[in-house]
Structures are given as C-alpha cells and as structure tokens.
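Enquirer: Below you will find the structure I want to go over with you.
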Amino acid sequence: MRSDRSAIELNVVSDELTVIGTQNNKMLVKIKQLLKYLGPAFIISVAYIDPGNFATNISGGAKFNYELIWVILFSNIMAIFLQTMSAKLGIATGKNLPEMCAEVFPKSVNWIFWIVAELGAMATDLAEFLGGTLGLYLLFRIPLIYAGLLTGIITFMIVYMEKYGQRVIEIIITLLITIICIAYTIELFLSKPDWIEVGMHTIIPMLPNNEAVLIAVGMLGATVMPHVIYLHSHLVQYRKSGSSNLDKLQHLKMEKIDIVVAMNIAFIVNAAMLIVSAAVFYKNGIAVGTIEEAHKSLQPLLGAFSSGAFGIALLASGLSSSAVGTIAGQTIMKGFVNLSIPINLRRLITMSPAMVIIAMGINPMYVLVLSQVALSFILPFPIIQMLYISNRKDLMGVLVNNKFTKILGGLIATVIISLNILLLYLTFF
C-alpha cells in the first residue's frame, strides 16, 4: 500500500517537473524571440541622449533647479509614441518614411522635404560632433581642433562597421549607451539630490519665465529628434520575418517592447543630467555657461571621479550619436530624392560646420542649445508626413492608425507647432 502511494507521489512530482520544464522552455523561446527583435530602438535611443541633451539639460537644471524635469517626461512619452508610429509604418509598408513620401507626394514637394530634413540632420550632426570633440578635450586635454579630427576618424570607424551588418552597429551603440548609463549613475549617487522635489517637478508642469520656455523648447528638440523618426522606419526592415498580417502584428508587438525599454533608458539618463545639474550647480549658486565650466565645477564639488565620469559620458554620447546621424542622413537622401553619396564623404561634409565653429572659438554650449531649438522647428515635418501616410488604410493595411492614434498624433503635432510659435513670439516681440 505504502509503495503504491510512493509511486503515485513520484508520478505527481514527475508531472509537476514536466510542467515546470515545459513552462521554462516556453519562457526561453519567448526570450530568444524578443532578443531577435531588440536592437533598432537602441540605435534610435542614442539620439535622445546626444550632446544636445547635455547642453539643454545642464542649462535647465543649473538655471531652474528641478522645475523642467516634467518637460523630459512628456517629451519621452511623445518620443515613444512617435517612434512606435515610425516603426509601424516601416513594418506595414516594407519601406521607410522618406521612401513612402517619395511614393505619395509630388517630386517637387519631396525635394523641399529633403532639404528641410538635411538641414535637420546637419543641426543634429553639429551637436553630436561637437559633443564628441568636447569629450576628448575634457578627458585628455587634446587641442579642440585635433580632438575634432580624432572624433571624425573614430566616427568613420564606427560607421564603417555597418558593412558587417546592422547587428554589429547595434552592439557598439548599446555598449556606448551602457557607458553613459554607468557614468550618470555615478553622478546621481555622488550629487545626492532632493528626491521629493524631483518627484514633485516630474509631474507638475512649470515654466517660470520666457527663458524657461526657450530651454524647454530646446529640451523638446533635443529629446524628440527628426532624423531618427525617418531612420527607425528603415531599421525595422532588417527584422522582417514574413509579409503576412500575423507576421506584421507580431513584429510590431516585439518592436513596441524594444521601444519602451530603450526610450525609458533614455528618459532616465536625460532626467539624471538635469537632476545632477540642479543638485550641484543650482543648489550651490554656480552659473554654468559652457560644458567645460560644468566639467570643471564638478571636480571641487563632487571629486575628480565625477568630472571624469561626465567627460566619458559626453564622449560616448558624441561618438555614438554622430555615427547614427550619418547613417540617418544616407536614409533621408536615398529615400526622398533617390540620390546617394559615399558615406565617408557625407561624414566629411557634415563635420565641416563643427570644425569651423571650433576654429572660430565660438562657445560650443551656446551652439548646442541653438541647434536643438532649430531641430524643434524641423520636427513637425516628419510628424505630419508620418501621420498622413499612417492614417491611410490603402498604404498601411491592418496597421492603419485607429481613431485614438489619429487624435493623439494630431494633438502632439499641434503642441509642438504651438510651442514653436510661442518661442518665435517670445524671441522677437
């Protein structure tokens, strides 16, 4: 009798272990499937923590304490929405946004779109290249002009790695993002911010004066980037596993996870930049006019380790985002007007304005903030293009925008355009 009971118990245990094993296998399959799709949003996310973000977030924290953190939060929510729409457009149509514009709009209109997009790419690259140059200068005291040339060479090398496949670029960019995250985790730990104030200003919108509006719009321009709206629809093409509606829906589901993870990492880093700036500079009454001043001020207040971490984060940000900007520029030109130039020549052309600014001795931080404001004015173009195309069922099929998405997309476009009009009014009147 006892042996029968033992046999039954063993069978029950065996069945339970089989169930657990099956569940574990299913979980492993799901994880492997997710890892297959992770990557495009991480390439995109580096544009959301580029040197332009350093400039605007440091300015925001140093001048207005924690009062502008909410701008980063709302910008990140918009970024998640817009990057999801871009990815969805690429998955649904099998083409990137510039290619779809070339298909939908007249040729003359596409030339205008291309010029505007290229101006945005140049403004972006200006900020990113200057950031990498400043990072090298702050860390190794290399003269700025030579630091600029070295930044160009390293960026060439990163972009060159694309010939070995997009996955290689994804790994390089993710490693650089990891470096930025570690550096700012150290900064947060050392700066000891007031977390109650941080929490309050994250959810309560405030714009104390006109200068805060300028910085807030710059933060928006630094957080939601036009060139990566174009690029994301291109990068998802490398993850296609089929053309059926079910395949597309599954692809979009996985890409949404990719986007949420990557964009929230970017949000944490951006918030950390502003929080550290507020906790260190604003609380101690230190005016920060340049990134070099920010770097110098960190050392006596938080120690050499902190200023070193800042320089490393800036360098990693500049190099990674500059490489991504160059790749985006190729996508924009090829898609809109079906032209292409060697990517190394593009790198030389786009780095030229930054080299001129370095040679003339213009304050890089001032240029960085202005470049982000310029990007905010360019941002409505890809948003409106994307909304128009993704609202059309004949182009999008089952992934066409639903009513809620249409309303939310229109609202985001309206908010961005309204902020730009307000900025113009405050600047000139």
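The values are calculated or read from the model by the stated rules, or taken from the named source; none is laboratory data. Computed from a predicted structure; not experimentally measured. Cβ: placed from backbone, ideal geometry, glycine included. Neighbour counts: every protein chain shown.
Enquirer: Considering every residue within the range 197-218, establish whether at least one is at pLDDT 85 or above, under 21 Å from the mean Cα position of the chain (by Cα), more than 22 Å from Gly329 (Cβ to Cβ) and of a type in the set (Ser, Thr, Tyr).
Expert: yes
Enquirer: Give the number of residues within the range 371-416 that are in a helix (DSSP H, G or I), within 30 Å of Ser243 (Cα to Cα) and of a type outside the set (Val, Ile, Thr).
Expert: 19
Enquirer: For the structure I just gave you, tell me whether Val71 is part of a helix (DSSP H, G or I), surrounded by 23 or more Cβ atoms within 10 Å (Cβ to Cβ), aliphatic (A, V, I, L, M) and at pLDDT 90 or above.
Expert: When the stated conditions are applied, Val71 passes them.
Enquirer: Please determine, by comparing only the residues of the range 380-418 that are touching a Leu at 6+ places or on another chain (Cβ under 8 Å) and modelled with pLDDT under 85, which one is surrounded by the fewest Cβ atoms within 10 Å (Cβ to Cβ).
Expert: Selected residue: Ala413.
Enquirer: Are any of the residues in the range 335-352 under 30 Å from Asn420 (Cα atoms), in contact with a helix residue (DSSP H, G or I) (Cβ under 7 Å, 6 or more places away or on another chain) and surrounded by fewer than 21 Cβ atoms within 10 Å (Cβ to Cβ)?
Expert: There is at least one residue in the range 335-352 that is under 30 Å from Asn420 (Cα atoms), in contact with a helix residue (DSSP H, G or I) (Cβ under 7 Å, 6 or more places away or on another chain) and surrounded by fewer than 21 Cβ atoms within 10 Å (Cβ to Cβ).
Enquirer: Would you check if there is a residue in the range 77-100 being over 26 Å from Gly335 (Cβ atoms), under 13 Å from the mean Cα position of the chain (by Cα) and of a type outside the set (Phe, Trp, Tyr)?
Expert: yes
Enquirer: In the range 84-106, what residues are closer than 15 Å to Gln385 by Cβ, of a type outside the set (A, V, I, L, M), in contact (Cβ under 8 Å) with a residue 40 or more places away in the chain and in a helix (DSSP H, G or I)?
Expert: Across the range 84-106, the qualifying residues are Ser86, Lys88, Gly90, Thr93, Pro98, Glu99, Cys101.
Enquirer: Within the range 166-173, does at least one residue satisfy the condition of being closer than 25 Å to Ser371 by Cα, part of a helix (DSSP H, G or I) and either out of contact with any Lys or Arg (no Cβ under 7 Å at 6 or more places or on another chain) or modelled with pLDDT under 85 (or both)?
Expert: Checked the range 166-173: at least one residue is closer than 25 Å to Ser371 by Cα, part of a helix (DSSP H, G or I) and either out of contact with any Lys or Arg (no Cβ under 7 Å at 6 or more places or on another chain) or modelled with pLDDT under 85 (or both).
Enquirer: Is it true that Val116 is touching a residue at least 24 places away in the same chain (Cβ under 8 Å), more than 24 Å from Phe267 (Cα to Cα) and not in a loop (DSSP other than H, G, I, E, B)?
Expert: Criteria met by Val116.
Enquirer: Same structure, new question: Among the residues of the range 355-364, is any under 16 Å from the mean Cα position of the chain (by Cα) and surrounded by 22 or more Cβ atoms within 10 Å (Cβ to Cβ)?
Expert: no
Enquirer: Looking at the range 202-256 only, could you name the residues that are part of a helix (DSSP H, G or I) and of a type in the set (Lys, Arg)?
Expert: Of everything in the range 202-256, those that are part of a helix (DSSP H, G or I) and of a type in the set (Lys, Arg) turn out to be Arg239, Lys248, Lys253, Lys256.
Enquirer: Among residues belonging to the range 275-297 that are in a helix (DSSP H, G or I) and among the aliphatic types (A, V, I, L, M), point out the one that is modelled with the lowest pLDDT.
Expert: The selected residue is Ile291.
Enquirer: Still on this model: Would you confirm whether any residue within the range 229-238 is touching an Asp or Glu at 6+ places or on another chain (Cβ under 7 Å) and under 26 Å from Thr350 (Cβ atoms)?
Expert: yes
Enquirer: Can Gly325 be described as within 22 Å of Leu130 (Cβ to Cβ) and within 14 Å of the chain's Cα centre (by Cα)?
Expert: yes
Enquirer: Search the range 379-400 for residues that are over 21 Å from Ile112 (Cβ atoms) and pair each with any residue that is crowded, with 18+ Cβ neighbours inside 10 Å and of a type in the set (D, E, K, R) when their beta-carbon atoms are under 9 Å apart and the residues are at least 6 apart or on different chains.
Expert: Final answer for the pair search is Met396/Lys88; Gly397/Lys248; Val398/Lys248; Leu399/Lys88; Leu399/Lys248.
Enquirer: Quick check: is even one residue across the range 298-310 touching a Lys or Arg at 6+ places or on another chain (Cβ under 9 Å) and in a helix (DSSP H, G or I)?
Expert: yes
Enquirer: Kindly establish whether Glu162 is over 17 Å from Gly61 (Cα atoms) and either charged (D, E, K, R) or not in a helix (DSSP H, G or I) (or both).
Expert: Yes: the conditions hold for Glu162.
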